[in-house]
Amino acid sequence: MGSDQPRGGEAVDHFERVAILRKAGVPFAVATVTWRRGPSSGRPGARAIILADGTVEGWLGGACARPTVVAEALAALRDHRPRLLVLGEPDHRSEVVSVAMACSSEGAMEVFVEPHLPAPHVHIVGSSPMVHTLARLSEVMGWRATVTDEPSFAGVGPDSYVVVATQGHYDEPALEGALTTPARYIGLVASAKRSGSVLAWLRDRGLSDADLARIHSPAGLDLGHVEHEEMAVAI
(Lines give C-alpha, C1' and ligand atoms only; values in the text may rest on other atoms or scores of the structure.)
Protein backbone atom coordinates (compact mmCIF):
# COMPACT_ATOMS: atom_id res chain seq x y z
CA MET A 1 0.00 0.00 0.00
CA GLY A 2 2.88 2.35 -0.60
CA SER A 3 6.20 3.62 0.66
CA ASP A 4 7.46 3.71 4.20
CA GLN A 5 6.54 6.16 6.93
CA PRO A 6 8.06 9.68 6.80
CA ARG A 7 11.17 10.58 8.74
CA GLY A 8 10.89 11.16 12.48
CA GLY A 9 10.19 14.72 13.57
CA GLU A 10 7.46 15.36 11.01
CA ALA A 11 4.84 15.54 13.77
CA VAL A 12 6.27 18.87 14.96
CA ASP A 13 6.03 20.30 11.46
CA HIS A 14 2.51 18.92 11.14
CA PHE A 15 1.21 20.72 14.22
CA GLU A 16 2.98 23.93 13.27
CA ARG A 17 1.34 23.74 9.85
CA VAL A 18 -2.08 23.08 11.40
CA ALA A 19 -1.66 26.18 13.57
CA ILE A 20 -0.72 28.30 10.54
CA LEU A 21 -3.70 27.10 8.52
CA ARG A 22 -6.13 27.65 11.38
CA LYS A 23 -4.82 31.17 11.98
CA ALA A 24 -5.16 31.95 8.27
CA GLY A 25 -8.74 30.66 8.20
CA VAL A 26 -7.98 28.00 5.58
CA PRO A 27 -10.23 24.91 5.45
CA PHE A 28 -8.40 21.59 5.61
CA ALA A 29 -8.74 18.01 6.82
CA VAL A 30 -6.33 15.88 8.82
CA ALA A 31 -6.06 12.15 8.03
CA THR A 32 -4.47 10.00 10.74
CA VAL A 33 -3.70 6.28 10.56
CA THR A 34 -5.15 4.70 13.72
CA TRP A 35 -4.61 0.97 12.98
CA ARG A 36 -2.98 -1.27 10.39
CA ARG A 37 -2.59 -4.91 9.48
CA GLY A 38 0.43 -5.83 7.38
CA PRO A 39 1.63 -5.88 4.75
CA SER A 40 0.74 -2.21 4.86
CA SER A 41 2.99 0.82 5.05
CA GLY A 42 0.38 2.66 7.07
CA ARG A 43 1.69 2.95 10.60
CA PRO A 44 -0.42 4.23 13.51
CA GLY A 45 0.19 7.93 14.03
CA ALA A 46 1.14 8.68 10.41
CA ARG A 47 -0.83 11.68 9.22
CA ALA A 48 -1.38 14.13 6.40
CA ILE A 49 -3.14 17.42 5.77
CA ILE A 50 -5.54 17.62 2.81
CA LEU A 51 -6.46 21.07 1.52
CA ALA A 52 -9.75 21.95 -0.16
CA ASP A 53 -8.17 21.79 -3.63
CA GLY A 54 -6.99 18.20 -3.02
CA THR A 55 -3.39 19.12 -2.23
CA VAL A 56 -1.80 16.66 0.20
CA GLU A 57 0.82 17.70 2.73
CA GLY A 58 2.38 14.80 4.56
CA TRP A 59 2.01 11.06 4.23
CA LEU A 60 -1.11 9.12 3.28
CA GLY A 61 0.14 5.73 2.23
CA GLY A 62 0.58 4.37 -1.25
CA ALA A 63 -1.33 4.64 -4.50
CA CYS A 64 -4.15 2.41 -3.25
CA ALA A 65 -4.97 4.38 -0.12
CA ARG A 66 -4.24 7.95 -1.14
CA PRO A 67 -7.07 8.63 -3.67
CA THR A 68 -9.69 7.19 -1.33
CA VAL A 69 -8.49 9.17 1.68
CA VAL A 70 -8.34 12.39 -0.36
CA ALA A 71 -11.87 11.85 -1.70
CA GLU A 72 -13.23 11.23 1.79
CA ALA A 73 -11.34 14.23 3.18
CA LEU A 74 -12.93 16.51 0.57
CA ALA A 75 -16.33 15.02 1.37
CA ALA A 76 -15.72 15.76 5.07
CA LEU A 77 -15.00 19.39 4.22
CA ARG A 78 -18.29 19.56 2.34
CA ASP A 79 -20.52 17.96 4.97
CA HIS A 80 -18.49 19.10 8.03
CA ARG A 81 -18.46 15.56 9.44
CA PRO A 82 -15.46 13.43 10.46
CA ARG A 83 -15.31 9.80 9.36
CA LEU A 84 -13.42 6.61 10.12
CA LEU A 85 -12.22 4.77 7.01
CA VAL A 86 -11.37 1.09 6.93
CA LEU A 87 -9.27 0.35 3.87
CA GLY A 88 -8.64 -3.18 2.74
CA GLU A 89 -11.16 -5.29 4.62
CA PRO A 90 -14.94 -5.25 5.15
CA ASP A 91 -16.26 -3.49 8.24
CA HIS A 92 -19.96 -3.57 9.01
CA ARG A 93 -20.08 -0.90 11.71
CA SER A 94 -22.66 1.68 10.67
CA GLU A 95 -20.45 4.68 11.39
CA VAL A 96 -17.48 3.36 9.38
CA VAL A 97 -16.71 3.94 5.70
CA SER A 98 -15.46 0.58 4.44
CA VAL A 99 -13.48 0.57 1.19
CA ALA A 100 -12.19 -2.50 -0.62
CA MET A 101 -8.70 -1.89 -1.95
CA ALA A 102 -8.12 -2.28 -5.67
CA CYS A 103 -4.52 -3.39 -5.18
CA SER A 104 -3.51 -6.98 -4.63
CA SER A 105 -1.94 -6.26 -1.23
CA GLU A 106 -3.52 -8.07 1.71
CA GLY A 107 -2.77 -5.15 4.02
CA ALA A 108 -5.45 -3.07 5.72
CA MET A 109 -5.60 0.08 7.77
CA GLU A 110 -7.96 2.45 9.55
CA VAL A 111 -7.75 6.17 8.87
CA PHE A 112 -9.55 8.85 10.86
CA VAL A 113 -10.43 11.91 8.77
CA GLU A 114 -11.24 15.11 10.64
CA PRO A 115 -12.32 18.34 8.89
CA HIS A 116 -11.07 21.67 10.21
CA LEU A 117 -13.22 24.54 9.02
CA PRO A 118 -12.39 28.20 9.61
CA ALA A 119 -14.31 29.99 12.32
CA PRO A 120 -16.69 32.64 10.98
CA HIS A 121 -15.02 36.00 10.47
CA VAL A 122 -16.54 39.27 11.69
CA HIS A 123 -15.15 42.37 9.95
CA ILE A 124 -16.24 45.50 11.81
CA VAL A 125 -15.79 48.99 10.39
CA GLY A 126 -15.80 51.80 12.96
CA SER A 127 -14.27 52.81 16.28
CA SER A 128 -17.12 53.24 18.77
CA PRO A 129 -17.34 51.40 22.12
CA MET A 130 -19.98 49.14 20.55
CA VAL A 131 -17.49 48.11 17.85
CA HIS A 132 -14.93 46.92 20.37
CA THR A 133 -17.58 45.19 22.49
CA LEU A 134 -18.81 43.35 19.41
CA ALA A 135 -15.26 42.27 18.59
CA ARG A 136 -14.74 40.93 22.12
CA LEU A 137 -18.03 39.03 22.04
CA SER A 138 -17.13 37.51 18.68
CA GLU A 139 -13.82 36.24 20.02
CA VAL A 140 -15.53 34.79 23.11
CA MET A 141 -17.73 32.79 20.73
CA GLY A 142 -14.64 31.45 18.98
CA TRP A 143 -15.12 33.62 15.88
CA ARG A 144 -12.35 35.67 14.28
CA ALA A 145 -12.79 39.43 14.56
CA THR A 146 -11.19 42.26 12.61
CA VAL A 147 -11.70 45.92 13.51
CA THR A 148 -10.77 48.74 11.16
CA ASP A 149 -11.46 52.46 11.31
CA GLU A 150 -11.36 52.89 7.55
CA PRO A 151 -13.25 51.38 4.59
CA SER A 152 -10.74 48.57 4.12
CA PHE A 153 -11.85 44.99 3.45
CA ALA A 154 -8.66 42.97 3.17
CA GLY A 155 -9.29 39.40 4.25
CA VAL A 156 -13.06 39.54 3.77
CA GLY A 157 -14.29 36.35 2.09
CA PRO A 158 -17.43 34.24 1.67
CA ASP A 159 -17.35 33.24 5.37
CA SER A 160 -17.12 36.86 6.55
CA TYR A 161 -19.78 38.96 8.22
CA VAL A 162 -19.30 42.69 7.70
CA VAL A 163 -20.74 45.21 10.17
CA VAL A 164 -20.49 48.90 9.28
CA ALA A 165 -20.75 51.05 12.40
CA THR A 166 -19.06 54.36 11.63
CA GLN A 167 -21.70 56.44 13.43
CA GLY A 168 -22.47 58.19 10.16
CA HIS A 169 -18.94 59.33 9.43
CA TYR A 170 -18.36 57.27 6.29
CA ASP A 171 -21.16 54.70 6.09
CA GLU A 172 -21.61 55.19 2.35
CA PRO A 173 -18.06 54.46 1.11
CA ALA A 174 -17.76 51.66 3.67
CA LEU A 175 -20.89 49.95 2.36
CA GLU A 176 -19.86 50.58 -1.24
CA GLY A 177 -16.59 48.80 -0.49
CA ALA A 178 -18.29 45.98 1.40
CA LEU A 179 -20.56 45.29 -1.57
CA THR A 180 -17.51 44.53 -3.73
CA THR A 181 -16.67 41.57 -1.46
CA PRO A 182 -18.26 38.09 -1.34
CA ALA A 183 -19.19 38.61 2.34
CA ARG A 184 -21.97 36.34 3.60
CA TYR A 185 -23.59 39.22 5.51
CA ILE A 186 -23.39 43.02 5.40
CA GLY A 187 -25.02 44.98 8.23
CA LEU A 188 -25.34 48.71 8.84
CA VAL A 189 -25.69 50.11 12.36
CA ALA A 190 -27.95 53.11 11.79
CA SER A 191 -31.40 54.52 12.45
CA ALA A 192 -34.15 53.94 9.91
CA LYS A 193 -33.84 57.56 8.71
CA ARG A 194 -30.08 57.36 8.35
CA SER A 195 -30.31 54.00 6.64
CA GLY A 196 -32.75 55.39 4.08
CA SER A 197 -30.43 58.25 3.16
CA VAL A 198 -27.44 55.90 2.88
CA LEU A 199 -29.30 53.53 0.56
CA ALA A 200 -30.49 56.48 -1.55
CA TRP A 201 -26.87 57.66 -1.91
CA LEU A 202 -25.76 54.21 -2.99
CA ARG A 203 -28.60 53.96 -5.49
CA ASP A 204 -27.58 57.31 -6.96
CA ARG A 205 -24.07 55.87 -7.31
CA GLY A 206 -25.53 53.23 -9.64
CA LEU A 207 -25.82 50.28 -7.30
CA SER A 208 -28.58 47.86 -8.23
CA ASP A 209 -31.54 46.75 -6.14
CA ALA A 210 -29.84 43.34 -5.84
CA ASP A 211 -26.76 45.04 -4.36
CA LEU A 212 -28.81 47.07 -1.91
CA ALA A 213 -30.76 43.99 -0.86
CA ARG A 214 -27.53 42.58 0.60
CA ILE A 215 -27.47 45.35 3.21
CA HIS A 216 -29.22 44.58 6.49
CA SER A 217 -30.21 47.62 8.51
CA PRO A 218 -30.41 47.72 11.38
CA ALA A 219 -27.68 45.13 11.80
CA GLY A 220 -28.87 42.31 14.05
CA LEU A 221 -32.07 42.50 16.06
CA ASP A 222 -33.84 45.84 16.30
CA LEU A 223 -34.05 46.50 20.04
CA GLY A 224 -34.63 50.23 19.72
CA HIS A 225 -32.58 52.61 21.84
CA VAL A 226 -30.28 50.44 23.98
CA GLU A 227 -26.81 50.63 25.45
CA HIS A 228 -23.87 49.68 23.27
CA GLU A 229 -23.37 46.33 25.07
CA GLU A 230 -26.94 45.29 24.30
CA MET A 231 -26.56 46.46 20.73
CA ALA A 232 -23.46 44.31 20.29
CA VAL A 233 -25.29 41.27 21.67
CA ALA A 234 -28.23 41.95 19.32
CA ILE A 235 -25.87 41.97 16.34
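Points to keep in mind about this one:
- Prolate/oblate/rounded call for segment 178-228, Cα gyration tensor, a/c under 1.5 rounded: oblate
- Solvent-accessible area of the chain (1.4 angstrom probe, protein heavy atoms only): carbon and sulfur portion equals 54 percent.
- For segment 57-134, a/c is not less than 1.5, where a ≥ b ≥ c are the root eigenvalues of the C-alpha gyration tensor, and a/b tops b/c. That puts it in the prolate class.
- 3J(HN,Hα) from dihedral phi, segment 212-227, Karplus parametrisation 6.51/-1.76/1.60, rounded to Hz, x for glycine, proline: 5, 5, 6, 8, 9, 9, x, 5, x, 7, 8, 9, x, 7, 9, 6
- Candidates ALA46, ALA31, ALA71, ranked by Gaussian network fluctuation over the chain, Cα under 10 Å, top entry: ALA71
- Cα Rg over Rh - the chain, Kirkwood: 1.16
- Computed on protein heavy atoms with a 1.4 Å probe, the accessible areas place HIS80, HIS228, HIS121 in the order HIS80, HIS228, HIS121, largest first.
- Heavy-atom accessible area order for MET231, MET141, MET130, largest first, 1.4 Å probe: MET141, MET231, MET130
- Among LEU199, LEU223, LEU74: highest mean-square fluctuation, GNM of the chain, C-alpha pairs under 10 Å: LEU223
- Shape category assigned to segment 129-198 from the gyration tensor of Cα positions, a/c cut at 1.5: oblate
- Taking amide hydrogens as placed 1.01 Å from N in the peptide plane, the amide H of TRP35 sits under 5 Å from those of GLU110, each at least 5 positions away in sequence or on another chain.
- Taking the chain as a Gaussian network of alpha-carbon nodes connected by springs under 10 Å, the highest mean-square fluctuation of the residues GLY38, GLY62, GLY224 belongs to GLY224.
The values are calculated or read from the model by the stated rules, or taken from the named source; none is laboratory data. These numbers were taken from a predicted model, which means no experiment stands behind them. Just so you know, the surface numbers come from the protein's heavy atoms only, side chains and all, with ligands and any DNA or RNA stripped out. Shrake-Rupley method; radii C 1.70, N 1.55, O 1.52, S 1.80 Å.
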